Amino acid sequence: MDGGRVHKRGRLEIGDLKVVGLLQGQPDAVLERIVQSGVRREFAKGECVIDAAKAPTAVYLLLHGQVRVQLLGQGQREITYQLLNAGEMFGELACIDNGPRTADVTAETDVVVAQIPAAEFCNLLLKHAEFAMVILRRVVALSRWLSERVFEYHAYNLMGRICAELLRLSRAAKGADFSVTDADMASRVGTDRSMVNKLVRKIIKLEPGALHRVPRSPHFRVVDASRLTALLARCELG
């Protein structure tokens, strides 16, 4: 196993996979093979699911809860790549090329995952073209997402990177409230918590009506994306 202390390990059922968007519409043969080869595992909040220092052994389907994809710098500064929710996959890249893991994955809440052996995952790619195409599209989407993040770091100042991250989170939440603490945002955009707090207050002042932040809570809502996008344009570096 990649990491973590196993609280429970059990048999997978076809019904467990219904939440996984990537598997929607896949042939029964793919789902049955995942159930036969995989196991259902539970991790408590704060436990390591994937340790980047260890060799890849499995791909994970998140069935319940939320995980944080992150790396620690030499000074133990936490850099967060993503927060993933139920229905998403992680750990597949290193299993495809048998390279090193690129990030740790930690249980942000109590989580349940389907753990698929790396060799079995690769066999599914080789034997089922429909499944391989879904994974290929996912890898392309991830590449686009990473390119977007690299662009933002070079194109915008810190306020702009916060605006871009808020817009991205809003799209993922489909306009509903979403939760992101100042510390979490700081780890996403490369600054400290106090600076995030200061700049979010400045964003609200500069573009009234663009953003709603629930007082004394981590909950946000992008009320007017066009206003936030307009502010983002003004944050381009010269």
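Is there a residue in segment 195-207 that is part of a loop (DSSP other than H, G, I, E, B) and open to solvent by 50 Å² or more (accessible area, probe 1.4 Å)? Within segment 195-207, none of the residues are part of a loop (DSSP other than H, G, I, E, B) and open to solvent by 50 Å² or more (accessible area, probe 1.4 Å). Against the definition (open to solvent by 70 Å² or more (accessible area, probe 1.4 Å) and either in a helix (DSSP H, G or I) or charged (D, E, K, R) (or both)), how does Val150 come out, yes or no? Against the criterion (open to solvent by 70 Å² or more (accessible area, probe 1.4 Å) and either in a helix (DSSP H, G or I) or charged (D, E, K, R) (or both)), Val150 qualifies.
Given the criteria in a helix (DSSP H, G or I), open to solvent by less than 80 Å² (accessible area, probe 1.4 Å) and farther than 23 Å from Leu83 by Cα, does Leu231 qualify? The answer is yes for Leu231. Count, please, the residues in segment 116-147 that happen to be open to solvent by 70 Å² or more (accessible area, probe 1.4 Å) and either of a type in the set (D, E, K, R) or more than 24 Å from Met89 (Cβ to Cβ) (or both). Residues in segment 116-147 being open to solvent by 70 Å² or more (accessible area, probe 1.4 Å) and either of a type in the set (D, E, K, R) or more than 24 Å from Met89 (Cβ to Cβ) (or both): 4 in total. Residue check: Gly99 meets all listed conditions (1) open to solvent by less than 30 Å² (accessible area, probe 1.4 Å); (2) over 21 Å from Asp28 (Cβ atoms); (3) small (Gly, Ala, Ser); (4) not in a loop (DSSP other than H, G, I, E, B) but one, namely (4). All conditions in (1) more than 27 Å from Val35 (Cβ to Cβ); (2) assigned to a loop (DSSP other than H, G, I, E, B); (3) open to solvent by 20 Å² or more (accessible area, probe 1.4 Å) hold for Thr109, with the sole exception of (1). Restricting attention to segment 130-161, the residues being more than 30 Å from Pro27 (Cα to Cα), without any contact (Cβ under 8 Å) to a residue 24 or more places away in the chain and small (Gly, Ala, Ser) number 1.
Only residues that are buried (at least 17 other Cβ atoms within 10 Å of the Cβ), farther than 15 Å from Leu124 by Cβ and in contact with an Asp or Glu (Cβ under 9 Å, 6 or more places away or on another chain) were counted across segment 24-46, and they come to 3.
The values are calculated or read from the model by the stated rules, or taken from the named source; none is laboratory data. Computed from a predicted model, the values in this text were never measured in an experiment. Note that each Cβ is placed from the backbone with ideal geometry, even for glycine, and that neighbours are counted across all protein chains shown. Ligands, DNA and RNA are excluded from the accessible area calculation, which covers all protein heavy atoms including side chains. Shrake-Rupley method; radii C 1.70, N 1.55, O 1.52, S 1.80 Å.
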